[in-house]
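Here's the structure we're looking at; comments come further down.
The values are calculated or read from the model by the stated rules, or taken from the named source; none is laboratory data. Here the structure is a predicted model, which is why all the values come from computation and not from measurement. Positions of Cβ are backbone-derived with ideal geometry, glycine not excepted, and every protein chain shown enters the neighbour counts. The protein model used for the area step is the full one, side chains on, heavy atoms only, and it has no ligands, DNA or RNA in it. Shrake-Rupley method; radii C 1.70, N 1.55, O 1.52, S 1.80 Å.
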Amino acid sequence: MFSPPLSCQLLKSLAPEENTKCQQGLYFQDGKRRVDYVLTYHIKKTSSSRRHTSRLRDNAFTRTLRRGREPPPPAPKDDAEVGSPHHSMDHHDDDKCLRREEFESNLMEMGLELERDEETKTPGMGFVKIHAPWSILCREAEFMKLKMPTKKVYEVKHSTGVMEKINVFISKLTDPLHPNLEENRTQKVKHLSYPFSREKQHLLVSASQQHPFSRIIQHIIFTRCSGITSLLGSGVYLAAYPLHDVSIHHYTLLYEEWASYSVFYKYQPIGLIRKYFGEKIGLYFAWLGVYTQMLIPASLVGVIVFLYGCVTVDDDIPSMEICDQRKNITMCPLCDRVCSYWNLSIACGTARASHLFDNPATVFFSIFMALWAAFFMEHWKRRQMRLNYEWDLTGFEDEEDHPRAEYEFRVMQKSLKKDHKSQKFKDLSAKLSASLAILQIGVTFAIVFGVILYRISTKAALAMSSNPMTRSNVRLTVKTTAAIINLVVILILDEVYGAVARWLTVLEVPKTDKSFEERLIFKTFILKFVNAFTPIIYIAFFRGRLGGRPGSYLYVFESYRMEECAHGGCLMELCIQLSITMLGKQLIQNNLFEIGVPKLKKLIRYIKSKRGSFQEEEYEKKLQRYETDHFLEPFAGLTPEYMEMIIQFGFVTLFVASFPLAPLFALLNNIIEIRLDAKKFVAELRRPDAARGKDIGIWYNILRGVAKVAVIVNAFVISFTSDFIPRLVYQYMYSPDGSMHGFVNHTLSYFNVSHFQNGTAPLEPFHLGFHVDICRYKDYREPPWSLTPYEISKEFWAVLAARLAFVIVFQNVVMLMSDVVDWIIPDIPKDISLQIYKEKILMMDLFMKEEQGKTRIEDSYKETSTLTRSRHSPISAAPSAGSGLLVCVGSTHHP
């Protein structure tokens, strides 16, 4: 019962400002030492008297630690110190307590200062607050060779002459789009950077500007004092995290100028994000910003292409022929028995809608998007290089990756077992991982096949409806409902596959975090990519090509006839599936889940705590900062964020020929996504450990791979899914007058209704009011009166040859153009190359002048000493007195 009065007395002795900071939990109990890092652990519930006594002993011990700079020697077992065996027997499991004690002793030996708090408002939780003194930060910064800005500055010229005037004009024009930050003003000077050295500390800028020191504490805990990862993995510690420093100006600026929807039109404060969260997170948001900016021209061109289709739909001759009821073209039934003959004019709406996306402009747009992807990749490389220069990462090499907690824990478990058993387990886990991944892909194909059966059966059931409106909208109903079912399945399997990929990766027990991340990314990308695009690939390349022909259809399970495309082609159905899947994933999975899930978790916390919302807010106000951060969601890495954007990039590039509006919807989503992610990082997640990195890693290679595949996919979509190639072939080879008149009749083959297989003829052959002898179907086949009835015609082979030729030409030309773009645009901007070279020269000059200055001082000192000795050499007692007088004078001027 003595600790609260002692704490109150201590707080009263502090200044008002320090008192507030101490209460917020950002400082130690003395109100002076900042909390740099926090470790949390579980404690058992005990009586309040014991807990208070523990707190009193802890405070006394930690104050003792802070008085001395050297780490204290190990105390005897009966000493009442933090985490001693005697004290821990009442609160913790002995083994975990001993391991914590050993680790915390290592931290103190490294010079860190610790303060324990078990008297919190969070029952069952203990907190270890860690502070790194300035001398320790300097020592570790020198060991890590962190680059720090020196006092030497030089003028930065990004351009000269006309380009400089253009840049100034653009800067003034876009000034309202920049955040209200001092660092966003055009910087005409830059500090030289040099690896930190205590000997050269006089050359560096003041300590308050040396933000890289914030990551040193993490380096000490995770690298220098090895073992924390295994302690986290085995539950000795529950979490380890730095605090959200709400007291600094950076946090307020991030919340106001980045994590607010009211500034959606502004650029992101990338430099501020990097200072607060580290380079890796800064690079992610920089990449997301560049990607979103590049979507603006793609969206504009896509809207223009779509509007071109809207304007020219009334002039499209094939659509006009389909809609012309005077043609009176009788089509073969769409299904067996229950479906009857129908007039082609019924497909008028589908044909006109297909023209919006299937017109000559879509070919241009496909070429444009391929070049856009190349420009995007090059633009990002240049932007990344500029950030590396601005953030002093030009000579940075990836830091050595420390072993993961699970790996160390597994090694400890296996140390008592035989080696051949562990190797056998490793081989078995690798085989199991591959087998389950293949199984999951098989599940995706099975579900797609199930949706196909749904479409076939539903189409037959709706065709038997007595409602004319239902029968007339069979295709639209089946398309839309099947696309929604596919979306729901994709959303569910996305979550399942993400969990399966992580489970398989954990089962493999990779040694390092980098290895774990790369394996997880590969598995997750393959599974989610297959899950998202399998239904789309089926519609684009397989649907309508496996069904057969009237009289010889292909059946599934001997009863379900394979489905066909509408007369306007499968491109419209592909557009519907692509748009519903893309918009559904963005609205539901990417935005609604990210907003709704945290709110739902907070609601559950309210229900469990049996408090109202007002009581919960009042309760949270009383928590220390390190307690508040403990209840935030732990940072799960950037993999989900990148994966979300990579899948979107696939929607934007892979099938853009069928959906020109995809870049526009991606742009609108990303504008919201940036602010949503910003709010999540600032207010809903624990502050991530600052991680250094000079690029986006494996994601760049995945982007390049998707961009290359997109060229091939769009070539096949244009040539095989759309009617672009058949129209060209007809216009230049078969049209009598070189126009598109007669194209629809050219693409339709003839079928004698007497050749239907038994039991497949329509039950109502007089549905149209007259007897039908010949019906038409879309294919290139010989008529029934030819010598080779229903065989593939020569027109089919001509169109196929043209399609294959187009694929080859399109692929090679576009890839060649992309390579030319890659070759023309240098990866490193010219001004950055010059500035890097200039920095090296200036750095050499700086240290040459310093060495010359030292040499002159030493020479001057030697001359003065020699002259003094020569003047006083005749007097024997003078040197002693003079020397003493000289020291006194010197000490007067240099206290």
Assigned charges on the beta-carbon of Lys, Arg, Asp, Glu; segment 809-852 dipole about Cα centre (debye): 100
Amide H within-cut-off set for Phe196, under 5 Å, with H built and near neighbours excluded: Leu146, Lys147, Met148
Cα-based convex hull volume of segment 769-822 per residue, rounded to whole Å³: 84
Segment 104-162 and segment 581-596: distance between their alpha carbon centers, rounded to Å: 38
Label point 7 Å beyond Cα of Ala636 along Cβ direction - residues of segment 682-724 with amide nitrogen under 14 Å: 685-686
Two-site label geometry, Ile441 and Thr534: point separation in nm, points 7 Å out along Cα→Cβ: 1.0
By average C-beta atoms within 10 angstrom, highest first, the peptides 324-330, 712-718: 712-718, 324-330
Highest to lowest packing among 534-545, 510-521, 763-774, scored as the average C-beta count within 10 Å: 534-545, 510-521, 763-774
Cut-off under 5 Å, modelled amide H: who pairs with Val556 long-range: Arg561, Met562
Cα Rg, Dmax (largest Cα-Cα span) when computed across segment 260-410, Å: 26.7, 79
Whole-Hz ³J(HN,Hα) from phi, Karplus 6.51 cos²θ - 1.76 cosθ + 1.60, for segment 628-645, glycine and proline x: 4, 5, 5, 7, 6, 5, x, 6, 9, x, 8, 4, x, 5, 5, 4, 4, 6
Evaluated at q = 0.13, 0.22 Å⁻¹: base-10 log I(q)/I(0), Debye formula over Cα of segment 475-594: -0.67, -1.20
Label-point gap, in nm, between Leu507 and Val597 - each point 7 angstrom along Cα→Cβ: 2.2
Added length on full extension, which subtracts the Cα-Cα distance from 0.36 nm per residue, Phe143 to Arg337: 61.7 nm
Linear extension gain, Leu842 paired with Lys622, 0.36 nm per residue minus alpha-carbon span: 73.9 nm
Whole-Hz ³J(HN,Hα) from phi, Karplus 6.51 cos²θ - 1.76 cosθ + 1.60, for segment 646-657, glycine and proline x: 5, 4, 4, 4, x, 5, 6, 10, 5, 10, 5, 5
Karplus-derived 3J(HN,Hα), 6.51/-1.76/1.60, for each residue of segment 307-317, Hz, glycine and proline x: 5, 4, x, 5, 6, 9, 5, 6, 9, 7, 5
Accessible area (Å², per residue) of segment 711-855, counting only protein heavy atoms and a probe of 1.4 Å: 57
Gain on full stretching of the segment that runs from Ala805 to Ser552 - 0.36 nm per residue minus C-alpha separation: 88.1 nm
Segment 213-349 - percent of accessible surface contributed by carbon and sulfur, probe 1.4 Å: 58
Spacing of the two label points (7 Å from each Cα toward its C-beta) at Phe264 and Ile604, in nm: 2.9
Ranked packing of 500-509, 443-452, 663-672, most packed first, by mean Cβ within 10 Å: 663-672, 500-509, 443-452
Distance violations [Cα-Cα > 26 Å] among Lys151/Lys840; Lys479/Lys708; Lys266/Lys514; Lys147/Lys514; Lys266/Lys840: Lys479/Lys708; Lys266/Lys514; Lys266/Lys840
Amide H partners (placed H, <5 Å) of His178, local residues excluded: Tyr267
